[in-house]
Each structure stands twice: as C-alpha cells, then as structure tokens.
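Novice: The structure is given below, and queries will be raised subsequently.
The values are calculated or read from the model by the stated rules, or taken from the named source; none is laboratory data. As the structure is a computational prediction, the values presented were derived from the model and not from experiment. Here Cβ is always computed from backbone atoms with ideal geometry, including for glycine, and neighbour counts include all displayed protein chains.
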Amino acid sequence: ESHDWNVLFPLTSHASSPLSIPGGTRQSPINIQWRDSVYDPFLKPLKISYDPSTCLHIWNNGYSFLVEFDDSTDKSIIMGGPLENQYRLKQFHFHWGAINEWGSEHTVDSKFYPAELHLVHWNAVVYPTFEEAVMEGNGLAVIGVFLKLGKHHEGLQTLVDALPAIKHKFDVFDPSCLIPSCPDYWTYAGSLTTPPLTESVTWIIKKKPIEVDENQVSFAFRMLLFTSDGEEEKRMVDNFRPLQPLMDRTVRSSFQ
Ligand code: SG7
Ligand code: ZN
C-alpha cells in the first residue's frame, strides 16, 4: 500500500538537512492510540475563521489535488487550540487509497479511514513567507479531518464537480463546511508528510470524521491521474505516507 510514496519520492533517504531526514524525532503521520493520548485541560477550543472569497484555484500537483487560498492577508485564519498565535490558510488537499480499506495518513487505534483532509496554515505573525515557515518548528499548523463513508456530502460535492476541469479557476469555497462541528481534537508536534518532511507542523487532528458517500471518493478522487497527458495513465491513489514512530512524543487531547 505504501509503494507509491517511495516511488514518487525516491530521493528522500538521501536528504541532508537534519530537519528533513525520515529518521527525525517528530515525523508524521502517526498512529493515534486513543488510550495513550493525554487530556490537557488547558487546550483551548480551535477557532476557525475562513473567508470564502480568499479561495483562488484548484489544481493537480501530481501527488494530490490542492485548493489554494490568497494568504497575503489575515482573512482566512485559525487560532486557539494548541496554537500561540494565528495561522493563515494556505491550501487544503486530501490523501486517499485505491480501495476503502485504507487511504488516511493518520490512524486511530490502528484503524485507517478511506481518506484524510489536510488544511495547511502558516505562522505569518513570526515568519515573512510560507517558505520560511515550512523550515521552522512552529511554522505550520495542519488540521486533519478523516473521511468516512456514509451520507452524501454537499460541500465536498462542489469540489468533486470541479475535479474533471482541474486547472480551472475555483472562485468561492468555504472549507469550514468540511470541518466537523464537534470541537474535539488530538494535537501533537510533527512534520510534513511529503518532502522536505520538515518538522515544522503542529498537527490538529479532529476526532470526528466527516461523512461522504462512496461515489465521491471512488468516482472523483480515484479518477485523478499522477501522470501527464501522453504518458501511460497511472491513477492517483495511495498518496499517503506510511506511519512513522511516535518516539518521545505525547499526543494530547482536548477532550476527556
Ligand atoms: C501535498 O502535501 C501538497 C503539498 C504539501 C504536502 O503534496 O499539498 O503542497 C504543495 C504546495 O505542493 O506540502 C509544504 C506543503 O504544504 C505535505 O503537506 S502535509 O504534510 O499536510 N501532508
Ligand atoms: Zn497532507
């Protein structure tokens, strides 16, 4: 299941920066062992404030599809939770499997979900650019939301409808419709799950998954291609990184 990651990123094991080695001390994703997570009563609720008009476009980067946002101002931000200041929304993307039995990057009690949404934010209070934030310990905050199969999801459908024409402008979209209203989350210090694998991410993983219907994953996400026009078609599936060791880390929970 994890072959694609190594095929797509063959040079990762030769990376030389100490922050980018897969043998680092705070790599992601991880298995969240529910009973080993520690309730932290000082964790605040996460505040999400997105302006749908900051949505710029949707595109296929050859590994996932991304929806990018104008991050030149503080119009779409998150704050609170485990974060010391506000973080700006840069983009969101998904990871998914070839079949429903796997696809998420994080697992809960070793259980995979069919897909996982990542909303990537950066610390514009401390760093002048996203590129600089990617290299620093408190530079990024990623919200992870699991997708499970169930009811049709209207908000996700707007995205799914845009996928066949993926280079197109994608005007207004409010990603908060993809975030479950249940406030409960786990948080831990981790890394990007693709190169440069920098250990710059405060992960905030929502406990409750969103429900999407099977067709939204199988006929939309799994129809995308890793390959360019003219190349032998290779379906964009299994675009998740294998689990990494927890090492000397504690996963905190905002709930009891
Ligand atoms: C996906 O995951 C893309 C990357 C992202 C990477 O491949 O969304 O973003 C771009 C602009 O290609 O890398 C730096 C960054 O956001 C890793 O993000 S993740 O750790 O949240 N999975
Ligand atoms: Zn991701």
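Novice: How many residues does region 228-256 hold that are in contact with a His (Cβ under 6 Å, 6 or more places away or on another chain) and polar (S, T, N, Q)?
Specialist: 1
Novice: Just checking, which of 145, 120, 172 is surrounded by 15 or more Cβ atoms within 10 Å (Cβ to Cβ) and touching a residue at least 60 places away in the same chain (Cβ under 8 Å)? Even if it seems obvious, please write down each step before you answer.
Specialist: Values: 120 fails: touching a residue at least 60 places away in the same chain (Cβ under 8 Å); 172 fails: surrounded by 15 or more Cβ atoms within 10 Å (Cβ to Cβ).
Matching residue, one of 145, 120, 172: 145.
Novice: Check 95, 152, 121 and return the single one that is more than 16 Å from ligand 1 (Cβ to nearest atom) and under 24 Å from residue 58 (Cα atoms).
Specialist: Only one candidate qualifies: 152.
Novice: From the list 195, 209, 180, exactly one residue is more than 13 Å from ligand 2 (Cβ to nearest atom) and surrounded by fewer than 16 Cβ atoms within 10 Å (Cβ to Cβ). Which is it?
Specialist: From the options 195, 209, 180, the qualifying one is 180.
Novice: Sticking with this structure for a sec: Within region 170-190, is even one residue farther than 21 Å from residue 77 by Cβ and modelled with pLDDT under 95?
Specialist: No.
Novice: Separate question: With 212, 217 as the choices, which residue is within 22 Å of residue 108 (Cα to Cα) and at pLDDT below 95?
Specialist: Exactly one residue qualifies, and that residue is 217.
Novice: Right, here's the next one. In the set 87, 50, which member is within 16 Å of ligand 2 (Cβ to nearest atom) and more than 19 Å from residue 219 (Cβ to Cβ)?
Specialist: 87
Novice: Follow-up question, since we're still on this one. Taking region 91-117 as the region of interest, how many residues are crowded, with 18+ Cβ neighbours inside 10 Å, in contact (Cβ under 8 Å) with a residue 24 or more places away in the chain, more than 14 Å from residue 159 (Cβ to Cβ) and more than 9 Å from ligand 2 (Cβ to nearest atom)? Explain how you work it out, then say what you get.
Specialist: Applying the first criterion (crowded, with 18+ Cβ neighbours inside 10 Å) to region 91-117 yields 91-97, 102-108, 112-117.
From the residues that got through so far, the ones that are in contact (Cβ under 8 Å) with a residue 24 or more places away in the chain too are 91-97, 102-108, 113-117.
Next, only the ones that are more than 14 Å from residue 159 (Cβ to Cβ) stay: 95, 97, 102-108, 113-114, 116.
Going one step further and asking which of them are more than 9 Å from ligand 2 (Cβ to nearest atom), we end up with 97, 102-104, 106-108, 113-114.
Selection size over region 91-117: 9.
Novice: Related question: Quick one: which residue in 72, 53 is surrounded by fewer than 18 Cβ atoms within 10 Å (Cβ to Cβ) and without any contact (Cβ under 8 Å) to a residue 12 or more places away in the chain? Walk me through how you get there before you give the answer.
Specialist: Working: 53 fails: without any contact (Cβ under 8 Å) to a residue 12 or more places away in the chain.
It is 72.
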